[in-house]
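The values are calculated or read from the model by the stated rules, or taken from the named source; none is laboratory data. Remember, it's a predicted structure, so these values are computed and weren't measured experimentally. Heads up, the Cβs are rebuilt from the backbone with ideal geometry, glycines too, and the neighbour counts pull from every protein chain shown.
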């Protein structure tokens, strides 16, 4: 209890630690070196039938499905053969997300938002996956998949009003910016707690199967969250009941300052699925076509009753974790530039230009159009109030929705506050 | 002595003990290379290496379980849970394992684990970065529960907690990491350098667990508070010109019932304040304790000023946070009776 019993001043052994502690891909004083990464060529991975037994997917779990090569050519079995309109739509959504992120990040820096999270460099994940799913499929995103909202057509004005916690915020000023909820778009309420929604998504999928419906669920966690127990609950229950669930791990290499090596245990995240008798597929997350194709495959497998798929989306978090951290303090500033899988927007753009379906001029015009849209939407959004100045929902809204019917003790507290 | 903020004071406590005792190490998310999201472990990785400021995967249940295993095998781990709001995945390990290990093994096994975690609101953190779950842990037998209100106490209490052979949950009110806060968010922030309790000795010293501190002597009413609310309470009674005795509990469990009883028996009135939600909060325990020990001395019903029984709302942070006004109103109600 006191220092006499355990004080370091007493004779203590001088231990030599033999513990293994993983290292990072880079630190500010240690440049990133991705030359040792094993990046297979585009088009090399085989696309099995959707009823393939999980144990025959080992190569997909340890490999990397790629369709777009470095020159923007689409190669191999996994090419989803999308028409030009769909590709342009995908490019537009990704640019839309990027324009929104840039605007909102700037607004946070100017003190208009309490918090913000960007998904720069990872736009293909939510956009291609969202497009490969059907509107009745249920989305259980983490906080970096707001691209799903753009795919499902949510109004930018409403998203901004949520981030401002103003009088038009559909969740009544109750959550941090980016913790969206949008029932109309089958987009689940985002929790600030990591991984919790992963296992819930399996329950949703089990209910879909129970009711004999075709809808599948799709849930997302980051590489760091794979350490959380909820991820294993999801895998176990989904495998046991063959739930029609897509379990996605966005491996963007960093969990705030912690490198993916603390979560990956030296292997791929997709490999986790093998032990649960679930197919695990590792896909180039910056390759719009590959992400689309793998998601489509997994959704089809789920709808056919063959159960869940775990997808590792291999990508890179170009942005900070959030507006609360400065990545220059924990990783090499040039790491994003050195990332060997490029930028998802640039890669799809190049592909469309190669096909003769897009041009530099069109691209610039679209970027300008989306930037203008952001300016107009922001102006409109602040008319509904700001975080610091309001108007918000009435203060009495704080006491609502704790329960369906307000119990007497909460009514009394509301009266005590005089609202 | 040096002028330190609470972050630096906590850092100093860990530095002192990691240096003195090879069994002490700090573990948690982002605590190593990065130095913690609130910078509490800054410099420890550089000074003591990756093994003693040990980064861990995002799995609070895993982190606490690991700490228990380490504690059983001769180490003295300090766990950082990044936000108190993220402690719940570790709940089973804390409640069913850490708290009861000594008792269930007939005293054979125990784990001297200290769990540090930032709590409380007032930082626009929304419902997942603002909670004050201390009452959840004081309800668990076998855990000591601490919440300092200033840098001097923070360092001395943390050294006591780490050296304690029983598990300690150490809550750090993040709103006052950088300076005291009187509840008025319109005012410019004050720095700890301007506050007497921001003077922190270098090196080793302890503030004992289980001892409250009378931060403002008075005779008309006793205010029981801890953490951020100590400062809000002091500002409120100063503003209203009330001769109140403000007690900073510092340790919630074991509770310093002697200091509380002595004060309330003198003043005959008591107001209990905390930021956490009201129902079944630690304030209820305080009210019961005062009622049992001071019933015949009380001149007025005991009042509680607390957060509301709702999740901490992003937009209505200042309507939720117990304000000076609400505290003054409660004190005045107790003073109405003779």
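If residue B:127 meets every condition in (1) crowded, with 19+ Cβ neighbours inside 10 Å; (2) at pLDDT 95 or above; (3) in a loop (DSSP other than H, G, I, E, B) apart from one, which number is that one?
Unmet for residue B:127, out of (1) crowded, with 19+ Cβ neighbours inside 10 Å; (2) at pLDDT 95 or above; (3) in a loop (DSSP other than H, G, I, E, B): (2).
Every residue, every condition in (1) surrounded by fewer than 18 Cβ atoms within 10 Å (Cβ to Cβ); (2) within 24 Å of residue B:7 (Cα to Cα), yes or no:
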{"site": "B:51", "(1), (2)": "yes, yes"}
{"site": "B:60", "(1), (2)": "no, yes"}
{"site": "B:71", "(1), (2)": "no, no"}
{"site": "B:76", "(1), (2)": "no, yes"}
{"site": "B:86", "(1), (2)": "no, yes"}
{"site": "B:89", "(1), (2)": "no, no"}
{"site": "B:108", "(1), (2)": "yes, no"}
{"site": "B:115", "(1), (2)": "no, yes"}
{"site": "B:119", "(1), (2)": "no, yes"}
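Please determine whether any residue of the stretch A:344-355 is part of a helix (DSSP H, G or I), within 14 Å of another protein chain (Cβ to nearest Cβ), in contact (Cβ under 8 Å) with a residue 60 or more places away in the chain and touching a strand residue (DSSP E or B) at 6+ places or on another chain (Cβ under 9 Å).
Residues of the stretch A:344-355 part of a helix (DSSP H, G or I): A:344-354.
Then drop every residue that is not within 14 Å of another protein chain (Cβ to nearest Cβ), which leaves none.
No, that holds for no residue.
Under the condition of being touching a residue at least 12 places away in the same chain (Cβ under 8 Å) and more than 8 Å from chain B (Cβ to nearest Cβ), which residue from the stretch A:398-411 is surrounded by the fewest Cβ atoms within 10 Å (Cβ to Cβ)?
A:411
Can you tell me which residue among B:214, B:223 is surrounded by fewer than 18 Cβ atoms within 10 Å (Cβ to Cβ) and part of a strand (DSSP E or B)?
Values: B:223 fails: surrounded by fewer than 18 Cβ atoms within 10 Å (Cβ to Cβ).
Answer to the selection: B:214.
Any idea which residue in the stretch A:163-194 is surrounded by the fewest Cβ atoms within 10 Å (Cβ to Cβ), counting only those that are over 19 Å from the mean Cα position of the chain (by Cα) and more than 10 Å from chain B (Cβ to nearest Cβ)?
Of all residues in the stretch A:163-194, those over 19 Å from the mean Cα position of the chain (by Cα) come to A:164-174, A:184.
With the extra rule that they be more than 10 Å from chain B (Cβ to nearest Cβ), the set shrinks to A:168, A:170, A:184.
On the way: A:168: 19, A:170: 14, A:184: 9.
In this case the residue turns out to be A:184.
Look through the stretch B:139-165, keep the residues that are part of a loop (DSSP other than H, G, I, E, B) and in contact with a strand residue (DSSP E or B) (Cβ under 6 Å, 6 or more places away or on another chain), and return whichever of them is nearest to residue B:94 (Cα to Cα).
My answer is B:143.
Would you say residue A:361 is over 17 Å from residue A:102 (Cβ atoms) and surrounded by fewer than 17 Cβ atoms within 10 Å (Cβ to Cβ)? Step through it out loud before you land on a result.
Details: over 17 Å from residue A:102 (Cβ atoms): yes; surrounded by fewer than 17 Cβ atoms within 10 Å (Cβ to Cβ): yes.
Taking the combined requirement at face value, the residue satisfies it.
So which of A:330, A:384, A:316 is under 22 Å from the mean Cα position of the chain (by Cα) and more than 10 Å from chain B (Cβ to nearest Cβ)? I'd like the intermediate steps shown before the answer.
Values: A:330 fails: more than 10 Å from chain B (Cβ to nearest Cβ); A:384 fails: under 22 Å from the mean Cα position of the chain (by Cα).
Among A:330, A:384, A:316, only A:316 is under 22 Å from the mean Cα position of the chain (by Cα) and more than 10 Å from chain B (Cβ to nearest Cβ).
Please state which one of A:418, A:307 is within 11 Å of another protein chain (Cβ to nearest Cβ) and on the phi > 0 side of the Ramachandran plot. Spell out the reasoning first.
Details: A:307 fails: within 11 Å of another protein chain (Cβ to nearest Cβ).
Residue meeting the stated conditions: A:418.
State yes or no: is residue B:135 within 23 Å of residue B:283 (Cα to Cα), modelled with pLDDT under 95, assigned by TED's automatic domain parsing to the domain that holds residue B:9 and in contact with a helix residue (DSSP H, G or I) (Cβ under 8 Å, 6 or more places away or on another chain)? Give the steps one after another, and end with the answer.
Working: within 23 Å of residue B:283 (Cα to Cα): yes; modelled with pLDDT under 95: no; assigned by TED's automatic domain parsing to the domain that holds residue B:9: yes; in contact with a helix residue (DSSP H, G or I) (Cβ under 8 Å, 6 or more places away or on another chain): yes.
When the stated conditions are applied, residue B:135 does not pass them.
Conditions (1) in contact with a strand residue (DSSP E or B) (Cβ under 9 Å, 6 or more places away or on another chain); (2) crowded, with 22+ Cβ neighbours inside 10 Å; (3) more than 14 Å from chain A (Cβ to nearest Cβ), marked per residue:
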residue	(1), (2), (3)
B:237	yes, yes, yes
B:244	yes, yes, yes
B:266	yes, no, yes
B:270	yes, yes, yes
B:287	yes, no, yes
B:294	yes, yes, yes
B:298	yes, no, yes
B:304	yes, no, no
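Could you list all residues from the stretch A:63-78 that are touching a strand residue (DSSP E or B) at 6+ places or on another chain (Cβ under 9 Å) and in a loop (DSSP other than H, G, I, E, B)? Quick ask: steps written out before the conclusion?
Step one: of the stretch A:63-78, the residues touching a strand residue (DSSP E or B) at 6+ places or on another chain (Cβ under 9 Å) are A:63-68, A:74-76, A:78.
Selection gives A:63, A:64, A:66, A:67, A:75, A:76, A:78.
For every residue, the table says whether it meets (1) loosely packed, with under 13 Cβ neighbours inside 10 Å; (2) within 25 Å of the chain's Cα centre (by Cα); (3) assigned to a loop (DSSP other than H, G, I, E, B).
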site: A:36; (1), (2), (3): yes, no, yes
site: A:48; (1), (2), (3): no, no, yes
site: A:55; (1), (2), (3): yes, no, no
site: A:60; (1), (2), (3): no, yes, no
